[in-house]
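Take a look at the structure below.
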Amino acid sequence: MRKETGDEGFLYLYNNGKNKVFHERRRLMKVRSSVKGIVIKDQQLLTIKKYDDSFGADYSLPGGGQEHGETLHDALKREFLEEIGCRIEIKQFAFLREYIGRNHHGSSQVDTNTHVVDHLFVCELLDEHWIGKGTAPDEDEVGIEWIPISQLSQFRFFPAGLIPYFKDIASGSIPQGVYVGDVN
């Protein structure tokens, strides 16, 4: 059996080098490893505000993709410097979360082939006076906001499925390595 990748990124399987074994096409998809930081101060959550013309404003946790050869801690520290402008102390691993686009967006404008595994850590800012002076913010990032946890569900916050956990963290109950599944 021979495998071939087409220009559009689909995998075709052939029998004896000539006939297609399967008529179905499977999209080649990589799973992306990502890190996110949970910073809570005075019952407020530190968020990144992003904006695009299709969806408007949304809010998420600081963080991003892990680069090859980089530890999760190093990736998170780099992402905080790039997006927020601050150094952090990583306190504890709290959650493992998956995001599988096709399970949440169907055929919308969002890439349904996305599969991200987020490692979420509870963190503390070491130099808060540098907030807003990130070295390489994302191009769609328009600001950094502290949102009261009690009001978080009123915002377009992702992943909304974690909001109840943030309330627990703010009251001092920090989960230890909870797999929360595919939540958005």
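Some observations on this one:
- Cross-link pairs LYS133/LYS167; LYS30/LYS167; LYS77/LYS167; LYS49/LYS91; LYS41/LYS167 - those with Cα-Cα distance over 22 Å: LYS133/LYS167; LYS30/LYS167; LYS77/LYS167; LYS49/LYS91
- The listed residues THR114, THR71, THR135, THR47, once ranked by accessible area (1.4 Å probe) with the largest placed first, stand as THR135, THR71, THR114, THR47.
- Probe 1.4 Å - accessible area at HIS73, Å² to nearest ten: 80
- Residue-level accessible surface for ARG87, protein heavy atoms, 1.4 Å, Å²: 130
- Working from the Cα coordinates of segment 45-117, the gyration tensor eigenvalues give, after taking √(5λ), semi-axes of 25, 17, 11 Å in decreasing order.
- Segment 53-175: C-alpha gyration tensor shape, a/c 1.5 cut-off, then a/b vs b/c: rounded
- The Rg/Rh ratio for segment 117-167, using Cα coordinates for both the radius of gyration and the Kirkwood hydrodynamic radius, is 0.97.
- Across segment 73-90, rounded Karplus estimates of 3J(HN,Hα) from the backbone phi angles (6.51 cos²θ - 1.76 cosθ + 1.60, θ = phi - 60°) give 5, 5, 4, 5, 4, 5, 4, 5, 5, 5, 8, 9, x, 10, 7, 10, 10, 7 Hz, Gly and Pro being marked x.
- Amide H partners (placed H, <5 Å) of GLY134, local residues excluded: GLY85
- When the Cα gyration tensor is reduced to axis lengths a ≥ b ≥ c, the ratio a/c is 1.5 or higher for segment 31-84, and with a/b not above b/c it is classed as oblate.
- To put it simply, the accessible area of segment 46-154 at a 1.4 Å probe is 46 percent carbon and sulfur.
- Annotation: amide H-H contacts under 5 Å for GLN92 (H modelled 1.01 Å from N, sequence separation of 5 or more, or interchain): VAL122.
The values are calculated or read from the model by the stated rules, or taken from the named source; none is laboratory data. This structure is a prediction, so every number in the text was calculated from the model and none was measured. Remember, those area values only see protein heavy atoms, side chains included, never the ligands or the DNA or RNA. Shrake-Rupley method; radii C 1.70, N 1.55, O 1.52, S 1.80 Å.
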